[in-house]
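The values are calculated or read from the model by the stated rules, or taken from the named source; none is laboratory data. Keep in mind that what you see is a predicted model, and the values were worked out from it rather than measured. Neighbour counts run over all protein chains shown; Cβ positions are idealised from the backbone, glycine included. The protein model used for the area step is the full one, side chains on, heavy atoms only, and it has no ligands, DNA or RNA in it. Shrake-Rupley method; radii C 1.70, N 1.55, O 1.52, S 1.80 Å.
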Amino acid sequence: MTTATPTVGAGAQATGATTTASRVRKRLNSRTATVVSIVIAVLWTVPTFGLFISSFRPEDQIKTTGWWTAFTDPQFTLENYQQVLFGSGSSGRLISYFINSLAITIPSVLFPIAFASLAAYALAWINFRGRDWLYIAIFALQIVPLQMALVPLLKFFSTGVTIAGVQVLPAWNLVDEQKFAQVWFAHTCFALPFAVFLLHNFISQLPGDLMEAARVDGASHPRIFRTIVLPLITPALAAFGIFQFLWVWNDLLVALIFADGGDETAPLTVRLAELAGSRGNEWQRLTAGAFVSIVVPLIVFLSLQRYFVRGLLAGSVKG
Amino acid sequence: MAFARSRQTLAIAGALGLALGVTACGTGNDKKSSNAGSAECAAYEKYGDNDGKKVTIYSSIRDIEADRLDESWKQFEDCTGIDIDHEGSAEFEAQLGVRVDGGNAPDLAFIPQPGLLKRFVDAGKLKPVGAETKTEAEANYSPDWLKYGTLNGQLYGAPLGSNVKSYVWYSPKMFKDKGWTVPTTWDELIKLSDTIAASGTKPWCAGIESGDATGWPATDWIEDVLLRTAGPEAYDQWTTHGIPFNDPKVADALNRAGTILKNDKYVNGGFGGVKSIATTSFQEAGIPITTGKCALHRQASFYANQWPQGTKVAEDGDVFAFYFPAIDPAQGKPVLGGGEFVGAFADRPEVQAVQTYLASGEFANSRAKIGDWVSANKKLDLANVPNPVDRLSVQLLQDEKTVFRFDGSDLMPAAVGAGTFWKGMVEWINGKDTATVLNGIEGSWK
Amino acid sequence: MEFDFIAEKDKFLMLGYGLLAFVAVVGGLLLLLDVVPSWFARRHEAKLVAASASGAPLPRWPKQREGLFALFFLLPTLLLLAVGLVGPAIRTTLLSFMDAGSNDWVGLRNYGWMFSDPAILRVLTNTLVWVILVPLVATSFGLVYAVLVDKVRFEAVAKSLIFLPMAISFVGASIIWKFVYAYRGDDQQQIGLLNQIVVSLGGEPKFFLQESPLNTLLLIMIMVWIQAGFAMVVLSAAIKAIPADIVEAARLDGVTPWQMFWQITMPNIRPALIVVVVTLSIATLKVFDIVRTATNGNYDTSVIANEMYNQAFRYGQNGQGSALAVFLFVLVIPIVIYQIRNLRQQREG
C-alpha cells in the first residue's frame, strides 16, 4: 500500500495538470466502486430472487429443475399463491391471519418504544445511585433466551402469582382475541433489554449542555423528556420501531405459545408454517408462503428506511 | 411525535370499530343450538346433557387431516351441543409440554407416543379416564393396545387412530410389466432387488427427512427388521432397556437393514446416493415409484395419503403395498405399528363425554368413512374403509392372531426415542458405522 | 377476496383497546410525572416564602426527588423485565441444579453432563465458532461495503439490496438458503444454485449441508447474509456523520486512503462499531431458527440454543436444558464487562 502514497499525495497538490489526472482517476475509482458494489448487491440478492422466481413455477418444475431454467423455458403459474392464499378446507382465509398479525404487531411495537425511551432517558440523564449498574443489568438481560421464559410467563398468565399461598395477582383468564394482550405483554418484555440498550446509546449522546440549559430554566425531567429529548430521538425510535416490527411480524414461537393456533388469534407465521410443514418438502408452498410473509415487512422497511438511516445517524453524531 | 401518531391511529381504529359495531347490529344472532331431539341424535343421548360446553383438543394433526377430523365429529357436536375446538400443530410434542407446565393445558390431547404419555402421568398432570370411557375402550380395543395407554394399573388414554408400518410400497403395474413377483421372504426380497438393480433401476427409494423429527423413518426400518430377526420378546426387552441398546441382536438388525439402506446399488432411486436418504423428505421419498425411477419403498399405511392426485391405490392399480416379509421363519412377521392415545388433562363431564365418544365404534366408523384412516377399534366396519391398503391394515389390526408391537422409538424415553435414536440414524445414513452409532445411543440412555 | 368485516370486528376492537391502554398507560405516566412534581414545587415555594418571611434557613431541594423521578421513568420497564426475564432467568438457574422433572436437587450433575458428553461439547464448540465468526465477518463485510458504497451512484439502491434480508425472518432466510444448497443426484438436473455451479465447473454435486465442518460455515453464511445489512447501514451512517472538516483537513495533509481509513474513519465510528459487534454477538449466541430449519441440528451443526430447546421441551430434560441456558449467561459475561468499561470511559470522557 505504501506505493499508493505518492499518487494520492499528488492528487492533493493544487497544480492544474495533476488535478485533472486525479479527477479522472477519482471518477475511475468511483466507477469501479460503483460496479463492485452493484455486483455484490446483485450477488446478495440472487438467493431471494431465485426464491421469487420459484414461487411462480409449477410444482413439478420446482422439484426437478433449477429456477434459472425458467429463463430458457419459461413456465409460470399463480397456482402456488392460489394455494397459499386461499388454501384448502376450513382454514383457507389467510386474510384473517393477516389481521391477527397486524393486531399483534402494532401494540407490540408501541409499548416497548414508549417504555424503553422513558427508561433510557432516566438511565442516561437522571442522577441516581446505581444507575450504571441498573443499565448494565438490563443490557445483560438480552442474553436470556426467550425459550426459557415461555413456561414461567405462561404460568403468570394462566395461574397468576401466588406468594406463600397468597394470591398476589390473579390469572388473566383470557379467551379468543383477548389473548392478543398476552402476546403484546410477552413481546414487550422480550424487546425491552435491546430497546433500552439501543435508545440509551442515542439518548446518552445528546448534547449535555442542552439538558443543562433546560434544567437551569427550571424544566422538570418529564418536560425535558417530552419537549427536548423526544423530538430529537424520533428517528432513533423509528429505527427501533422497524427492528421490532420485523421481529414481531416474523415471530413464530411467541405467537405459538401465547396466542394459540386458531384463526381468532394466530398470526400469519403460524398459518404459513402449518401450510408449508404439513406436507414436507412442498417447495411450491414454501416459496409462495415465504413471499407472502415477506411483503409487509418489506413495504414497512422500504417506506421507513429514510428514518432508519437518519436514526442511526443521530446516534453517532458525537462519535 | 410517536404519541401524536398513535392517537391518530386510535381515532381511526375507534371509528372503524364503531362503524363495524353498527353494522353488526343488523345481522341476526343465530346461536348454535343442539338438535338433541331428532332421530339421528338418539345414539348420542348417552353422552349426557352438556349443551353449550366447550372442549379443547390439541394434536399434531393438521391441514386436510384436521378438516376431516372436524367433519367426523360434526354430528356428535350437533347432537350433544358440545363444541369441540381442535388445534393441530407441527410443534405438538414440544408445545404440549410448555402448555401443560405453563398451566394452560388443553382438555384433551392426541398423544402418539406412549413415552410422552408416561411423562405427563409421572408429573401427575394427566387424569385417568372415567368409568364410561374405560368400559367403552375395553369393549373396543384389544388388551395389546390398551396396555400402551395403561400405567400403574390405570388407563390414561384410549387408543384412537392407528397405522401399520410393516409395508413395502410398490407398483403392481410395473411389476406386471417387468414380470416381477411380490416377494414373501427376505431372500426373495434381496433377489428381487438384485434383479431390479441389474436392470439399471435402483430398486429402493427412501427418505428420512421430516423437519424436527428427521430420522424416524429409519428407526421404523430397524424396528421392523429387529422384530423379524430377534422376535417380539427381544424387541420388548430392547424398548424397555432390558437389553442394552447396542445389543448384538440390534447391531445385526441394523447391519441387515444396512444391506439395503446403505447399499449404493440399491438406493436411492430418483434422488442420488445413500446420503441423499438423509435429506429426502419422507413424504416425497416414495414418489419415484410413480415415475419408474425406483421400485420399492418401505413405509407405513398412511403413505397412501402421499401419492400424487390421480394415482390409483389398489392391488391392480398404480401403487399398492405388500407386507414386509419374514426374515427368520421362527419369528414370523409381527406387525409394527403406531397410533394416538387420547389423554385428558381435565375431567369435566363434557371432556369425559368426548373422550368416551372418541373411543366408541360410532366415531371410528364416522371417521373411517371420510377416508384415509385406520384404527384398531374392533367395531370399525371394514365396509366403511374405502382405501384397500387401509382395509388390509384394519384387517391385520383386528385379527386376534396378529402379533402386534408398538413403534419402539415412541416407547422409549423421549431423549432416546425422539432424540439420540433419530439423530443416530441420520448419522448412520450419513456414513457412521453401526457400532459407533449404537454405542452413542446406549450412552445417552440413563 | 371475500372478507367478513363482522367476523373480524372483535379483533379490531381488541386492537383498539390495546391502543387505548397504550395511551392511558404512557399518557397517564407522563401526566403523573408532570402534576406531582409541580405540586411539590408549589409546596416547596410556599415553604420558601414562609422561610424567608420568618427568617429561618432556606430549606434545600430534597435530594431523593431525582431518584423518585427515575423510579417512575423506569417503573414499567422494571416491572415487565422482572416478570418476563428476571424471574425466568432465576428459575432457569435453579432448574439447572435439579433433575429432569425438576423434583430433586442434583448439584452440578447437569453441568458435568454438559462438559462430558461429546455431542454437547461439539455443540459448545459450534457456538463458539458462530459467535466469533458471525460478528467478525458480518461487521467487516458491512464496513467494507459501507466504505465502498459511500458516495457512489445508486448508493440507496445498492444499500437497500444488502439490507433486504433483514426483512426476512430467520426461518424464511433458512428456506431460501436450503434451496441454494439443495442436492440432487448427479444423474439429474440440480435444483440448488451452488451445486449447479459446481456441476457446470465439472465437479460432482456435493451434500453441502451434510459435510461437517463445512456445513457449519454454510449456516453461518446465512446469518452473515441477514446481519451484514444491519452492520452496513449503521456503519455507513456513522461514516457519513464524520465531520467534513476533519476529513478535509486530513486530505490536505495528504494521507492515503489506507491511512484515512485507520486514522480518521475507524476512531470516529468506534461507538457505532461497538453497537454493531455487541448486538451481533448477542443475536448470534441466541441463534436458533437457522440451525433448526436448515439441518435440525444434525450433522454436527447444533448450537446451544437449539440443543437447549430440544433438551427442555422435546426430551423433557429440564435440568440439562437449563444448564445449557445458564452456560449462555456465562458466555455473555465478557461482553458485559466490555460494556462496563465502555460506560466508564464514556462517563470520564
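Numerical summary
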item: Cut-off 10 Å between beta-carbons: net charge of the residues surrounding B:Ala415, Lys and Arg +1, Asp and Glu -1; result: +2
item: Binned Cα-Cα distance frequencies in chain B - 20 Å width, integer %; result: 23, 51, 21, 4, 0
item: Among B:Gln299, B:Val403, B:Val121 the positive-end extreme of the charge dipole of chain B (Cβ point charges); result: B:Gln299
item: 21 Å Cα-Cα threshold exceeded, pairs from B:Lys134/B:Lys378; B:Lys275/B:Lys423; B:Lys249/B:Lys275; B:Lys125/B:Lys147; A:Lys63/C:Lys178; B:Lys125/B:Lys446; result: B:Lys249/B:Lys275; B:Lys125/B:Lys446
item: List B:Trp169, B:Trp422, ordered by accessible area with a 1.4 Å probe, largest first; result: B:Trp422, B:Trp169
item: Isotropic mean projected area of the C-alpha convex hull, the range B:379-446 (nm²); result: 7.1
item: Highest-MSF residue in chain C out of C:Asp300, C:Asp186, C:Asp99 [GNM, Cα springs under 10 Å]; result: C:Asp186
item: Candidates B:Asn384, B:Asn268, B:Asn365: whichever shows maximal mean-square fluctuation once chain B is modelled as a Gaussian network with Cα springs under 10 Å; result: B:Asn384
item: Distance between the range A:169-215 and the range A:53-127 - C-alpha centres, whole angstrom; result: 25
item: Helix B:92-101 vs. chain B, principal-axis angle (Cα, 0 to 90°, nearest 10); result: 50
item: Distance in nm between pseudo-label sites at C:Trp39 and B:Ala131 (7 Å out along the Cβ direction from Cα); result: 6.4
item: Dipole magnitude of the range B:316-446, debye to nearest 20 (Cβ charges: Lys/Arg +1, Asp/Glu -1, about Cα centre); result: 200
item: Helix B:2-26 axis, angle to chain B major axis (alpha carbon atoms, nearest 10°); result: 80
item: Cα→Cβ-extended label distance, 7 Å offset, between A:Asp209 and A:Thr64, nm; result: 7.4
item: Modelled FRET efficiency - R0 22 Å, B:Thr185 with B:Val403, Cβ distances, 0.05 increments; result: 0.80
item: Inter-centroid distance (Cα atoms) of the range B:42-89 relative to the range C:295-349, Å; result: 43
item: GNM top mover of C:Ser174, C:Ser302, C:Ser52 - chain C, alpha-carbon springs below 10 Å; result: C:Ser52
item: Net dipole in debye of the protein assembly as shown [+1 Lys, Arg Cβ; -1 Asp, Glu Cβ; about Cα centre; nearest 20]; result: 4660
item: Farthest toward positive dipole pole in chain B [+1 Lys/Arg, -1 Asp/Glu at C-beta], among B:Tyr170, B:Leu382, B:Tyr47; result: B:Tyr170
item: Crossing angle, helix C:318-331 versus chain C [Cα axis fit, 0-90 degrees, rounded to tens]; result: 70
item: Principal axes of the protein assembly as shown: Cα extent on each, largest first, Å; result: 105, 80, 63
item: Which of C:Ser52, C:Trp39, C:Val330, positive extreme of dipole for chain C (C-beta unit charges); result: C:Ser52
item: Centroid-to-centroid separation of the range C:272-287 and the range C:189-203 [C-alpha atoms, Å]; result: 34
item: Net charge of neighbours whose Cβ lies under 15 Å from the Cβ of A:Pro152, counting Lys and Arg as +1 and Asp and Glu as -1; result: +2
item: Cβ-defined net charge surrounding C:Asn298, 10 Å radius [Lys, Arg +1; Asp, Glu -1]; result: -2
item: Quotient of Cα Rg and 2.2 N^0.38 Å for chain C, N being how many residues it contains; result: 1.36
item: Of B:Lys74/B:Lys369; B:Lys432/C:Lys286; B:Lys379/B:Lys401, pairs whose Cα-Cα distance is over 20 Å; result: B:Lys432/C:Lys286
item: Radius of gyration, Dmax [the range A:89-315; alpha carbons; angstrom]; result: 20.3, 68
item: Estimated dipole of chain C in Debye, rounded to 20 [Cβ of Lys and Arg +1, of Asp and Glu -1, Cα centre]; result: 1220
